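One structure is given below, encoded as structure tokens.
The values are calculated or read from the model by the stated rules, or taken from the named source; none is laboratory data. The structure presented is a predicted model; accordingly, all values stated were derived computationally and were not measured. Glycine also receives a Cβ, built like all others from the backbone with ideal geometry; neighbour counts cover every protein chain displayed.
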Amino acid sequence: MKRMKKIKTIEELKKIIEEKELERKQEKRKVIVVSSGTCGQARGSLKVIEAFKRAIRTEGLKDNVLLRITGCHGFCEAEPNVIIYPDGIFYQKLTPVDAKTIVKETILGGKIIEKLLYKDPQTKQRAVKEQDIPFYKKQMRNVLGDNVQVDPTSLENYLAIGGFRSFLRALVELKPEDIIQTVKKSGLRGRGGAGFPTGLKWEATRRSPGEVKYIICNGDEGDPGAYMDRSVLEGNPYRVIEGMMIGALAIGAREGYLYVRDEYPLAVRHLTFAIDQLYKAGLLGKNILKSGFNFDLHLTKGAGAFVCGEETALMASIEGRVGEPRQRPPFPAQKGLWGKPTCINNVETWANIPLIIRYGADWFANIGTAGSKGTKIFSLVGKIKNTGLVEVPMGITLREIIYDIGGGIPDDKAFKAVQTGGPSGGCLPASMLDLPIDYESLTSAGSIMGSGGMIVMDEKTCMVDVVMYFLNFLRDESCGKCISCREGTQRMWEIVKDISEGKGKPGDIELLEELAIATKEASMCGLGQTAANPVLSTLRYFRDEFEAHIYEKRCPAGVCKSLIRYVVIPGKCTGCEACKRACPTQAILGTRSQPHTILYDKCIKCGSCLEACHFEAIEAQREEAIIIEKEVTP
């Protein structure tokens with residue numbers, strides 16, 4: 001974590017950037033790049049890093065090998081992983097022992113270690129380089145790509161890849177109006193969910209009267225399964241800050257706020273260090289580079305309220321008030337933080353700005369579709385082989401993401417649905433796999449782009465259970481300010497809960513639809529306005545599943561506990577005792593090599609036996625089927 005000396009002038013910064021870029025190009029040492037974001041650290045990257053340090057010291061390679069610790073590379077399923085430059089060798093799922101082996105065999109011996117390479121589950125072929133792995137082939141990693149190149153705790157590292165060149169261009173060559181026009185021409189839309197044109201928001205804020213204006217980065221990423229913003233903030237905080245500085249020049253703001261969830265400690269740590277470095281380097285504060293531009297940046301930590309992702313609730317939180325939305329208009333561009341004109345964009349939006357200024361509006365506009373330009377980052381999670389962050393051009397289909405990039409569904413299960421847009425998004429069925437991903441297409445299909453969450457579900461997923469889960473989340477996270485959201489989410493959850501427990505009755509589906517529409521139309525902020533999406537989209541595409549729960553008292557997926565019992569199929573049971581060992585209530589009887597049985601009075605229907613069985617000898621059956629079977633069995 002080396003600190004730079006203070007940079008006093010524009011020319012001095014230009015010279016330093018050129019020197020650092022040249023140093024990077026002329027680097028003669030081997031470079032071991034270790035992925036160590038939150039996901040990597042959770043899977044042991046810190047121990048791997050220490051093992052690399054020891055091995056480099058032991059072999060006397062300190063002057064010949066550079067160890068670069070970076071943020072997330074996106075392929076979370078392969079964590080922790082390394083890339084060895086200049087050859088670009090990609091090793092995955094490493095242990096501390098592997099680190100020592102890599103230094104000995106690859107760094108010193110020039111050998112490729114086959115067992116550490118990615119192996120394609122279909123072709124069984126090994127991939128030597130990152131670009132050879134199917135997970136990366138269809139991606140366009142404009143924002144995430146530099147995570148591999150940058151130590152997030154090093155300003156020098158960021159300058160070495162051309163960091164702050166865009167800021168210099170905006171400061172020296174462009175007028176504020178020119179910056180705004182460039183962003184407008186690019187077609188960039190807000191990546192936080194609503195998809196509002198970024199340039200128009202900037203223009204409105206600049207035109208609002210008043211000398212004091214603010215800009216805010218919304219890093220309050222609260223969607224279950226979503227971690228796009230976290231990874232950008234952890235892996236490349238300087239890119240986001242540079243985007244905000246360019247935005248401040250365009251809008252006329254002299255002060256900005258980074259609002260980040262306190263549950264993101266690594267992102268908070270890297271941002272805190274980055275801001276400190278920039279102040280010490282003279283790139284934040286008063287009269288930056290003697291240009292007359294003043295800009296102060298503050299880091300505010302959110303307390304974890306999902307509703308604070310809504311811009312007016314977020315501003316209330318920064319001001320020290322309860323995080324509740326307010327009516328609009330006036331919009332933040334007119335009257336925002338402390339009553340002053342304010343521009344709020346999310347992390348990914350700000351991270352795109354330096355790229356647009358550097359490569360031009362046309363470059364960005366040529367990516368994507370007519371109405372949705374550029375790339376979008378998605379967190380691909382759930383029942384998917386290749387879990388991770390994917391950055392793809394707008395217009396790519398769901399099928400390409402789920403099967404070509406994600407590798408398809410584990411255990412050869414059938415794809416059932418995908419939810420896009422977080423807890424307020426819609427669930428789309430297999431018949432829509434060829435839907436292009438853009439703002440308009442997703443909206444017309446009953447879902448939303450949202451911030452980029454993408455949860456994949458297989459044939460064993462119960463859609464009633466899915467809706468109940470998201471409604472439970474939304475009712476808990478509703479601030480309760482408006483009745484439609486507070487009561488609407490609660491009542492919808494109660495109805496769906498009854499359906500899942502076999503208490504559903506005729507008319508429940510119609511009442512659900514009525515409540516969903518009322519909640520959507522009468523709620524004040526985005527949480528309530530989109531809370532209906534999981535309900536309406538699921539009823540639209542999976543209505544038969546709700547009807548089975550209500551009229552047949554049956555859960556087709558065998559998930560809803562009140563409607564099923566787990567049974568052992570004698571002809572398939574090998575007596576391996578895996579289910580018996582997994583059962584927390586000792587509800588399974590049987591001796592080794594003999595078919596087992598389940599004691600229903602002890603079974604709590606946790607599903608542990610089902611997960612433990614490798615022979616598909618346990619299945620969930622309808623409650624009535626068990627009762628009938630018991631009555632006719634002698």
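Does the stretch 68-102 hold any residues that are among the hydrophobic types (A, V, I, L, M, F, W, C), in contact with a Lys or Arg (Cβ under 9 Å, 6 or more places away or on another chain) and either more than 26 Å from residue 139 (Cβ to Cβ) or surrounded by fewer than 18 Cβ atoms within 10 Å (Cβ to Cβ) (or both), and which are they? If the condition is that a residue be among the hydrophobic types (A, V, I, L, M, F, W, C), in contact with a Lys or Arg (Cβ under 9 Å, 6 or more places away or on another chain) and either more than 26 Å from residue 139 (Cβ to Cβ) or surrounded by fewer than 18 Cβ atoms within 10 Å (Cβ to Cβ) (or both), then 99 is the only one that fits.
Every residue, every condition in (1) crowded, with 20+ Cβ neighbours inside 10 Å; (2) out of contact with any strand residue (DSSP E or B) (no Cβ under 9 Å at 6 or more places or on another chain); (3) under 25 Å from residue 306 (Cα atoms), yes or no:
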site: 431; (1), (2), (3): no, yes, no
site: 435; (1), (2), (3): no, no, no
site: 438; (1), (2), (3): yes, no, yes
site: 446; (1), (2), (3): yes, no, yes
site: 449; (1), (2), (3): yes, no, yes
site: 454; (1), (2), (3): yes, no, yes
site: 458; (1), (2), (3): no, no, no
site: 464; (1), (2), (3): yes, yes, yes
site: 467; (1), (2), (3): yes, no, yes
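Residue count for the stretch 528-558 under the criterion of being farther than 29 Å from residue 484 by Cα, in contact with a helix residue (DSSP H, G or I) (Cβ under 7 Å, 6 or more places away or on another chain) and modelled with pLDDT under 90: the result is 0.
Candidates in the stretch 275-305 are the residues that are touching a Phe, Trp or Tyr at 6+ places or on another chain (Cβ under 8 Å) and in a loop (DSSP other than H, G, I, E, B); of these, the one that is surrounded by the fewest Cβ atoms within 10 Å (Cβ to Cβ) is 284.
Quick check on residue 313: is it in a helix (DSSP H, G or I), in the same structural domain as residue 342 (by TED's automatic domain parsing), modelled with pLDDT under 95 and crowded, with 21+ Cβ neighbours inside 10 Å? Against the criterion (in a helix (DSSP H, G or I), in the same structural domain as residue 342 (by TED's automatic domain parsing), modelled with pLDDT under 95 and crowded, with 21+ Cβ neighbours inside 10 Å), residue 313 qualifies.
Would the stretch 259-278 turn up any residue that is at pLDDT 95 or above, over 22 Å from residue 5 (Cβ atoms) and among the small types (Gly, Ala, Ser)? Yes, that holds for at least one residue.
Applying a threshold of 9 Å to beta carbon distances and a minimum spacing of six or more residues, or different chains, the list of pairs starting in the stretch 231-258 at a residue that is surrounded by fewer than 24 Cβ atoms within 10 Å (Cβ to Cβ) and ending at one that is of a type in the set (D, E, K, R) and modelled with pLDDT under 95 reads 252/211; 254/211.
Exactly one residue out of 47, 111 is farther than 30 Å from residue 399 by Cβ, among the basic types (Lys, Arg) and part of a helix (DSSP H, G or I), and it is 47.
Taking the criterion of being of a type in the set (A, V, I, L, M, F, W, C) and more than 8 Å from residue 34 (Cα to Cα), the residues of the stretch 68-84 that qualify are 72, 75, 76, 78, 84.
Considering the stretch 195-224, and only residues there that are touching a strand residue (DSSP E or B) at 6+ places or on another chain (Cβ under 8 Å) and of a type in the set (S, T, N, Q), the residue that is surrounded by the fewest Cβ atoms within 10 Å (Cβ to Cβ) turns out to be 198. For the stretch 528-554, taking the residues that are of a type in the set (A, V, I, L, M) and crowded, with 24+ Cβ neighbours inside 10 Å, the one that is nearest to the chain's Cα centre (by Cα) is identified as 531.
Filter the stretch 103-144 for residues that are surrounded by 19 or more Cβ atoms within 10 Å (Cβ to Cβ) and over 26 Å from residue 389 (Cβ atoms) and give the result. Answer for the stretch 103-144, where residues must be surrounded by 19 or more Cβ atoms within 10 Å (Cβ to Cβ) and over 26 Å from residue 389 (Cβ atoms): 103, 106, 107.
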